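Chemist: My structure is below; once you've seen it, I'll send some questions.
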Amino acid sequence: MSRLPWLVAVLWLAVLWPGPTQAAEGKAKRKDIAQNPHGDSGLCSSCHTSAAGGRETLRFGGNVSRLCQSCHDGRRAIREAHVVDVIPSPMLARQIPGDFPLAGGTLTCLTCHDIAQNCRADQPPAPSGPALLRGGRPRDPLLFCFRCHAPESYRPFNPHDQLEAGKPKTDTCLWCHADVPPVGSQPRESASYELRAPGAALCRNCHVVAQSHPVAGHMSAAPSADMLQYMSAYEMKAKMRLPLAQLLEIARAAKRMPRSIPLDADGRVTCYSCHNPHEKDLLPEGNPRAVGADSKQATNHRLRIPQGSVCVACHQK
Ligand code: HEC
Ligand code: HEC
Ligand code: HEC
Ligand code: HEC
Ligand code: HEC
Ligand code: HEC
Ligand code: HEC
Ligand code: HEC
């Protein structure tokens, strides 16, 4: 990646927010789901002790973070990964725009989310869009971050540098994931991993590559059932000394999907199908998604399959 383009790209490229499918997936995993008070003018008392509302009637003695986290604990409702209840460092404090209120000098949920929109009888129904963010929906998720974090301090920032003394640098994860995923988990088919943007948009925040990269016709192409079967068989070939025809048979019979080459949430080829965004040793060796992980500085273009043979991982000839 060359020096400046990624910042320019941030400004240029319209990137979609993580869509409702991700929230829906998170929801499906939860059992004890809280009632959604946002967008329902009959539920003022979820947050206020009186139906008329008002600042002085806020539950939890007006401690907003505790109020929000009483539902947003990752179980009853989605958890927020960004730190709250901290006093901004002097450098950051100077950056925070005037329309992002602090409470007694500290950052709270309300600094970024304009919940007062929920306090009107004529409020828009939930989901009311881009998470009630102050200033509305920016063109790009990182633009919102840069309202406070100075882009210059991140220019040489390398999100593929993910380990320090063998431990995951969890704040790095948040540039791509809305939460820190557990590294010990097993890959799941068509999981969203709470990525901040779907598919290529995530990478195009920082990387400018041609639409025809690496060969025209790949971005967002969906592999056919035959191709998926072949990809799966090719993957097994590395481990099992069997002829391809037999591996294809196994893949067909077991309806086995490729594991080391992830597709996007809609089953299409995307940047991270070919490139592994994680640093080597972040995911344990046995995890198929660890294949092709590169060091902090790429030595092999972070390709999941050794260069020269990346095409044959999906194409039979
Ligand atoms: C009574 C439980 C409850 C409380 C209290 C609560 N929420 Fe929520 N909130 C929910 C539920 C349920 C959803 C739907 C998403 C989900 O299931 O996680 C939601 C959704 C949201 C969303 C996404 C809305 C959208 O339209 O995309 C935001 C942002 C949010 N809450 C912020 C807050 C903040 C900030 C507070 C504190 C002022 C708060 N919530 C208090 C239950 C609650
Ligand atoms: C309203 C201002 C504001 C916005 C907007 C904002 N942050 Fe922050 N962020 C802070 C403050 C304040 C801290 C606490 C650390 C500090 O003061 O230096 C912080 C800390 C962090 C940290 C921890 C770094 C550390 O030094 O421990 C990360 C990572 C981070 N923010 C990422 C993001 C991302 C990603 C976004 C966009 C989704 C974002 N921030 C949006 C104000 C903001
Ligand atoms: C520094 C800014 C910042 C702070 C502070 C913050 N949020 Fe958020 N929040 C965001 C941004 C940006 C998004 C939307 C994009 C995303 O999920 O990456 C978001 C999204 C959400 C969502 C919707 C998630 C989804 O997937 O639809 C919920 C719920 C939420 N926040 C709750 C909270 C709660 C509760 C707090 C306080 C504990 C809080 N937020 C504090 C910036 C912030
Ligand atoms: C998700 C939690 C939540 C819900 C639901 C909610 N409120 Fe609020 N309300 C708040 C918070 C937090 C504040 C403080 C806002 C601030 O300081 O910016 C507030 C502030 C208020 C205020 C004072 C506004 C001001 O400018 O001083 C009134 C009045 C109010 N709410 C009425 C209502 C009514 C009426 C409803 C139902 C239609 C309602 N609220 C629903 C969280 C909520
Ligand atoms: C540059 C973007 C990026 C960064 C930074 C990043 N990830 Fe990911 N992560 C992804 C993408 C894309 C996927 C989905 C494709 C895959 O599994 O490789 C993913 C998937 C995962 C998975 C699921 C893999 C599996 O076993 O199924 C885990 C676990 C994970 N990330 C952990 C982390 C942790 C921990 C960090 C921080 C140390 C991190 N990631 C930082 C982009 C990123
Ligand atoms: C079908 C596989 C494939 C897909 C999909 C793919 N790449 Fe590549 N990429 C490659 C190969 C192979 C190379 C090795 C050098 C070359 O042939 O251009 C490469 C090289 C790169 C490089 C380093 C060389 C350069 O051109 O700067 C970057 C950065 C890169 N890709 C980013 C991306 C991004 C971002 C996306 C998604 C928009 C993406 N790639 C999608 C296969 C792929
Ligand atoms: C916040 C900015 C940022 C994001 C987001 C990001 N990258 Fe990178 N990427 C970098 C930087 C900085 C480097 C240079 C470090 C290195 O040498 O590998 C890099 C290097 C790479 C390389 C090696 C380039 C080469 O010359 O061989 C590839 C491939 C790559 N990234 C793919 C991805 C993919 C795929 C994603 C999305 C899942 C992604 N990146 C998201 C900043 C980013
Ligand atoms: C992640 C899987 C994957 C990888 C790796 C991959 N391809 Fe493809 N390729 C596809 C898919 C999917 C299509 C579109 C559907 C089809 O043709 O079956 C495609 C289509 C093509 C086409 C036809 C394009 C068109 O416009 O019809 C060519 C030529 C091609 N690939 C060559 C390559 C070369 C050369 C490489 C190595 C640099 C490569 N592919 C790597 C999945 C892949």
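Chemist: Please state which one of ILE115, ILE87 is farther than 30 Å from ARG204 by Cα, within 16 Å of ligand 2 (Cβ to nearest atom), surrounded by fewer than 16 Cβ atoms within 10 Å (Cβ to Cβ) and modelled with pLDDT of 90 or more.
Modeler: Within the list ILE115, ILE87, the selection yields ILE115.
Chemist: Inspect the range 96-110 for any residue being part of a helix (DSSP H, G or I) and surrounded by fewer than 16 Cβ atoms within 10 Å (Cβ to Cβ) and give the result as yes or no.
Modeler: No, every residue in the range 96-110 fails to be part of a helix (DSSP H, G or I) and surrounded by fewer than 16 Cβ atoms within 10 Å (Cβ to Cβ).
Chemist: Pick from LEU143, LEU102, LEU107: which is modelled with pLDDT under 85, more than 20 Å from ASP40 (Cβ to Cβ) and away from ligand 5 (no atom under 16 Å from the Cβ)?
Modeler: None of the other options fit; the residue is LEU143.
Chemist: What pairs come up if the first residue lies in the range 67-87 and is away from ligand 6 (no atom under 16 Å from the Cβ), the second is in a loop (DSSP other than H, G, I, E, B) and polar (S, T, N, Q), and their beta carbons are under 6 Å apart, counting only those six or more places apart or on different chains?
Modeler: VAL84/THR108
Chemist: Hey, can you tell me all the residues within the range 157-204 that are buried (at least 16 other Cβ atoms within 10 Å of the Cβ), small (Gly, Ala, Ser) and farther than 19 Å from SER260 by Cα?
Modeler: Across the range 157-204, the qualifying residues are ALA178, ALA197, ALA201.
Chemist: Same structure, new question: Quick check on this structure: which one of LYS296, LYS237 is charged (D, E, K, R), at pLDDT 90 or above and more than 16 Å from ligand 4 (Cβ to nearest atom)?
Modeler: Going through LYS296, LYS237 in turn, just one is charged (D, E, K, R), at pLDDT 90 or above and more than 16 Å from ligand 4 (Cβ to nearest atom): LYS296.
Chemist: OK, next. Can you tell me which residue among ARG268, ARG256, ARG304 is surrounded by fewer than 18 Cβ atoms within 10 Å (Cβ to Cβ), at pLDDT 90 or above and not aromatic (Phe, Trp, Tyr)?
Modeler: None of the others qualify; the one that does is ARG268.
Chemist: Hey, which of the helices (runs of 4 or more DSSP H) in the range 154-243, taking only ones fully inside, have at least 1 residues that are within 15 Å of ligand 2 (Cβ to nearest atom) and of a type in the set (Ser, Thr, Tyr)?
Modeler: 170-173
The values are calculated or read from the model by the stated rules, or taken from the named source; none is laboratory data. All values reported here derive from a predicted model rather than from experimental measurement. Counting neighbours? That spans all protein chains shown, and the Cβs are built from the backbone with ideal geometry, glycine included.
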